[in-house]
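Here is the structure we will look at.
The values are calculated or read from the model by the stated rules, or taken from the named source; none is laboratory data. These numbers were taken from a predicted model, which means no experiment stands behind them. Here Cβ is always computed from backbone atoms with ideal geometry, including for glycine, and neighbour counts include all displayed protein chains. Accessible surface is based on the protein model in full, side chains and every heavy atom, while ligands, DNA and RNA are left aside. Shrake-Rupley method; radii C 1.70, N 1.55, O 1.52, S 1.80 Å.
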Amino acid sequence: MKALLFSEPNDPLYVGEIPTPQPKSEDLLIRVEAVGVNRADLLQRKGHYPPPAGESPILGLEVAGEVVAKGDAVTKFAVGDRVFGLVGGGAYAEYALLDAGLAFHLPEHFSFIEGAAISEAFLTAYESLFTLGQLKKGESLLVHAAASGVGLAAIQLAVVSGVHVYGTAGSDKKIKALTTYGATAFNYNDAHFLEKLLAQLGEKSINVVLDFIGAKYANLHQKILSIDGRWLLLAAMGGRELALDALTLVTKRLQVRGFNLRLQSLEQKRKIKVRFEQNALPWLLHGGIKPIVDSIYSMTEANAAHDYMASNQNIGKIILTWKDLKK
Ligand SMILES: NC(=O)c1ccc[n+]([C@@H]2O[C@H](COP(=O)([O-])OP(=O)(O)OC[C@H]3O[C@@H](n4cnc5c(N)ncnc54)[C@H](OP(=O)(O)O)[C@@H]3O)[C@@H](O)[C@H]2O)c1
């Protein structure tokens, strides 16, 4: 089968031939129609984020396609079903293995492109905000990198849950888009951004912070988090070393929690999927929230798609599809 390969870290992706994977008892083998691009793919290509043990070395964490074969323990899916779901790797290929416990039926009214824009972003956002963060109606949330795939998923899930949502992003175009999704947003490239944000929100005003940045805003978070505030760290794009004031953490009873979806065990991921399916999927199926697709590239343009993501311009998900190769 065809797959996107690279030789050394930072080398360009190219279309090569590798053996088609064979489904184990609980796997679906799907013909890949669309794949969501993630920051993690860029990191993996740079050699910084190797796949967990036992996962495919091929890039790609979320996928949509049609079931072409299945393992003998799979009962909820049939050959020919349209599905989407979460994979530990292997999606940048013509065929991919998808654990049946991490697969969803693709609703009739969703395209494969939309299906590929859901799993990694929404499961990450749901699990961190509501399971780890215990975010509740009437509380307030600050999301950084708010126009990212995960950021927009988080904003939509929080808004539909009755949460007051604030976000940061790096361009006025993103700020405008975030406003349409119900967030009050701040451009961190504005002069005096931090002072303005603090002045508008006030100290002790935010119940939950969804943080992909790390060091850069550690001081801000210790100021704006409320008593019993939850600070959820999902990445460290702005530096790894947090300067923490122990007395602030103690007196405000702050919780600092880390989360990583890909590194969870299969069992844990299946549970996360079920929690999302039971509590949030209905909003996707019947309105309220939706996958937000910024742009679509063919698999042969994957290098351009990665360059575009690295330029920080996307608002929502970038999707790859094999369409041009199948013509
Ligand atoms: N822990 C987990 O399980 C998990 C799962 C999925 C994703 N993530 C993380 O979630 C984040 C979003 O992922 P995604 O795939 O949705 O990303 P994405 O759509 O590529 O968006 C990332 C955005 O982050 C901002 N950014 C980039 N570099 C930055 C820097 N050095 N400092 C501050 N902001 C920066 C940029 O927006 P602005 O500059 O406009 O804000 C960029 O557009 C990533 O950090 C990713 O690693 C974590």
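Here are some notes:
- Enumeration of residues in segment 52-86 that are closer than 30 Å to Glu8 by Cβ, without any contact (Cβ under 8 Å) to a residue 60 or more places away in the chain and open to solvent by 10 Å² or more (accessible area, probe 1.4 Å): Ala53, Gly54, Glu55, Ser56, Pro57, Ile58
- Looking only at segment 272-294, and only at residues there that are more than 20 Å from Val63 (Cβ to Cβ) and part of a helix (DSSP H, G or I), the one that is most open to solvent (accessible area, probe 1.4 Å): His286
- Only a single criterion out of (1) more than 9 Å from the ligand (Cβ to nearest atom); (2) open to solvent by 10 Å² or more (accessible area, probe 1.4 Å); (3) over 24 Å from Ile319 (Cβ atoms) is not satisfied by Lys176, namely (3).
- Qualifying residue in segment 242-250 (condition: within 16 Å of the ligand (Cβ to nearest atom), part of a helix (DSSP H, G or I) and over 25 Å from Phe130 (Cβ atoms)): no
- Among residues of segment 179-194 being away from the ligand (no atom under 12 Å from the Cβ), aliphatic (A, V, I, L, M) and touching a helix residue (DSSP H, G or I) at 6+ places or on another chain (Cβ under 9 Å), the one that is farthest from Leu129 (Cα to Cα) is Leu194.
- Residue in segment 314-322 that is free of Cβ contacts under 8 Å to residues at least 40 places away in the same chain and either within 15 Å of the ligand (Cβ to nearest atom) or not acidic (Asp, Glu) (or both) present: no
- The listed residue being touching a residue at least 12 places away in the same chain (Cβ under 8 Å) and farther than 17 Å from Ile155 by Cβ, out of Lys216, Lys271: Lys216
- Test result for Thr124, open to solvent by 30 Å² or more (accessible area, probe 1.4 Å) and either within 11 Å of the ligand (Cβ to nearest atom) or not hydrophobic (A, V, I, L, M, F, W, C) (or both): no
- Per-region count, segment 296-313, residues touching a residue at least 24 places away in the same chain (Cβ under 8 Å), crowded, with 16+ Cβ neighbours inside 10 Å, part of a helix (DSSP H, G or I) and over 15 Å from the mean Cα position of the chain (by Cα): 6
- Residues of segment 138-170 satisfying the condition of being surrounded by fewer than 20 Cβ atoms within 10 Å (Cβ to Cβ), near the ligand (Cβ under 8 Å from one of its atoms) and without any contact (Cβ under 8 Å) to a residue 60 or more places away in the chain: none
- Identity of the residue in segment 214-234, part of a helix (DSSP H, G or I) and open to solvent by less than 10 Å² (accessible area, probe 1.4 Å), that ends up nearest to the ligand (Cβ to nearest atom): Tyr217
- Test: residue in segment 186-207 that is basic (Lys, Arg), open to solvent by less than 40 Å² (accessible area, probe 1.4 Å) and touching a residue at least 24 places away in the same chain (Cβ under 8 Å): no
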